1. Using 0.36 nm per residue, how much length does the chain from residue 252 to residue 433 gain when fully extended, once their Cα-Cα distance is taken away?
2. Which angle from 0 to 90°, rounded to the nearest 10, does the C-alpha axis of helix 321-334 make with the longest principal axis of the chain?
3. Given C-alpha coordinates of segment 289-437, what is the ratio Rg to Rh with the Kirkwood estimate of Rh?
4. Rounded to whole Å and sorted largest first, what semi-axes of the equivalent ellipsoid does the C-alpha gyration tensor of the chain yield via the square root of 5 times each eigenvalue?
5. Quick check: the distance between the Cα centres of segment 48-119 and segment 364-437, to the nearest angstrom?
6. Please express the Cα-Cα pair-distance distribution P(r) of segment 294-339 as a list of whole percents, one per 5 Å bin, running from 0 to the bin with the greatest distance.
7. Quick check on the chain: helices-only [θ] at 222 nm, where DSSP H runs of length 4 and up contribute -39,500 (n - 2.57) each and the sum goes over total residues. Nearest 500, please.
8. Calculated FRET efficiency, residue 422 and residue 402, Cβ-Cβ r, R0 30 Å, to nearest 0.05?
Ligand code: SF4
């Protein structure tokens, strides 16, 4: 059965066609007002962006949604979760780090109009376990407590590429973003006998030991002390490896080589973990917005943002996380790639060619993994009906703290205080513009 996905493009020429106004338009068109009843606590799940990432969603989108939820009588909070220590200098691993990074990126109670909450506690162990007998890979998921206990959840997602998930959309926002840290280890296949990084192939002879100029980076990447660099080589203790990913970028000599299916299995498992969130909260209390803009090749989890793979696509809303992602995947595929982007580097810039598998996934994995699992476990449908939403009410998106026209709003202050010099301005009245044209 197909699901409805509501869509507006990214073009703007007026207040009512701003992306903020369009976001609220598609949200309402998708019937998402109905997931919230007055007095209910509403979690708005965003990705606050890694330190120095610049493609993450600007806080104004979350703010507009917060204001809208308040108008509906809800009690909103905006949240994100702690991450795995997936690189040696991760900036969101504890609640302290996450809040500092979120605030640096503009997410705080002042900008949002409600609290920003790390949803899985200080270290990422505050969670609710959900059984997943329907799961294709995972049979349990660990959902960040603040999300699992919310009355309703809105996933406000930046749609883009992702090194492990291949793409990052609503399913990944649920299947990684709403999982606690131990939930993320689960999705990334910690302790899996075959595909976990603990099952990596070990080639100690490739390591030059302390003769290598970057040996300290390797040893200090592992929070569990499993990597030791000796004078002449490397010692690695795979037992206890939680698949945190932290050593991947620094052990570049090939001494530890991850199993071929590690990333693919994690991407597929996101589809199961996403179902865990829906089971915890209830499908009728969940809504999804995808902002397919600034579609950088890698996720907002990295400390940089490359040129987008394709031009902005638009704004989407749905009650089905699989369908909304499938639409975005298809529209990115249908789009011509951005000139000079990684899509062009990898020869996939032509319209009609998959972009993410080649230009985003570090192992060239299929971009269907997340949605195909989600379609099979009952999370949603890959079949969709795309509904174009007309431009909305021009009055609604106006400055909402004071909707009076400026002629009325400013008449009295301007009467009391002159905002120009009493005797006019001093300037060259005869300046010839042709001199500078
Ligand atoms: S050995 Fe395992 S736990 Fe240690 S950094 Fe690598 S992935 Fe993480």
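1. 59.2 nm
2. Helix 321-334 sits roughly 80 degrees off the main axis of the chain.
3. 1.24
4. Calculated on Cα positions only, the semi-axes equal 41, 27, 22 Å.
5. Taking the Cα centre of each part, segment 48-119 and segment 364-437 sit 22 Å apart.
6. 5, 20, 25, 23, 19, 7, 1
7. Rounded to the nearest 500, the figure is -7500 deg cm²/dmol.
8. Computed FRET efficiency for residue 422 and residue 402 comes out at 0.60.
Read-outs: derived from the displayed coordinates by stated rules, not from any lab. The model shown is predicted, which means the values in this text are computed figures rather than measured ones. Please note: Cβ atoms are built from the backbone with ideal geometry, for glycine as well, and neighbour counts cover all protein chains shown.
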